[in-house]
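The values are calculated or read from the model by the stated rules, or taken from the named source; none is laboratory data. In this text, all values refer to a predicted model and were calculated from it rather than measured experimentally. Cβ placement follows ideal geometry from the backbone for every residue including glycine, while neighbour counts extend to all protein chains displayed. These area figures cover heavy atoms from the full protein model, side chains too; ligands, DNA and RNA do not enter into them. Shrake-Rupley method; radii C 1.70, N 1.55, O 1.52, S 1.80 Å.
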Amino acid sequence: MKADRKKVEPLLRTARGQIEGVLKMIEDDRYCIDIATQLQAIESLVHKARQEVLRAHLSSCVREAFELGDEQARESKVQEIIRLLDKT
């Protein structure tokens, strides 16, 4: 992985902790809006981690394919990004 682990790991560790907290909230039958708010915070953290990974991928792997690779390598990287964007 080309992304800065010091940026990605804390985001995902925090999200993991928040997921555990949400599970506890569900067990405790907490108010729905409170749970939804925490889920939104988790989504935000995961989104930030994903953005960091994609930023690093574009800056390294994709850039390298366009600078050093052949047409097939460039097209492959473009298609990877398109498939990923289609999933969101």
### Query
How high is the FRET efficiency from residue 2 to residue 41, r the C-beta distance, R0 30 Å, rounded to 0.05?
0.65
### Query
For the chain, what is the charge dipole size about the Cα centre, in debye to the nearest 20, if Lys and Arg each add +1 at the Cβ and Asp and Glu each add -1 at the Cβ?
280
## Note on the structure
Residue by residue through region 3-11, the couplings from Karplus 6.51 cos²θ - 1.76 cosθ + 1.60 with θ = phi - 60°, in Hz, x for Gly and Pro, are 5, 6, 4, 5, 8, 6, 4, x, 4
## Note on the structure
Expressed as a percent, the accessible surface of the chain that is carbon or sulfur, using a 1.4 Å probe and the full set of protein chains, is 54
#### Entry: Residue-normalised accessible area of the chain, given per residue in Å² at a 1.4 Å probe
77
### Task
Under 1.5 on a/c is rounded, so check that first for region 37-88, then, if it is not, pick prolate when a/b is larger than b/c and oblate when it is not; a ≥ b ≥ c are the square roots of the alpha carbon gyration tensor eigenvalues.
oblate
### Task
Have a look at the chain and give its Rg and Dmax from the Cα atoms, expressed in angstrom.
17.7, 57
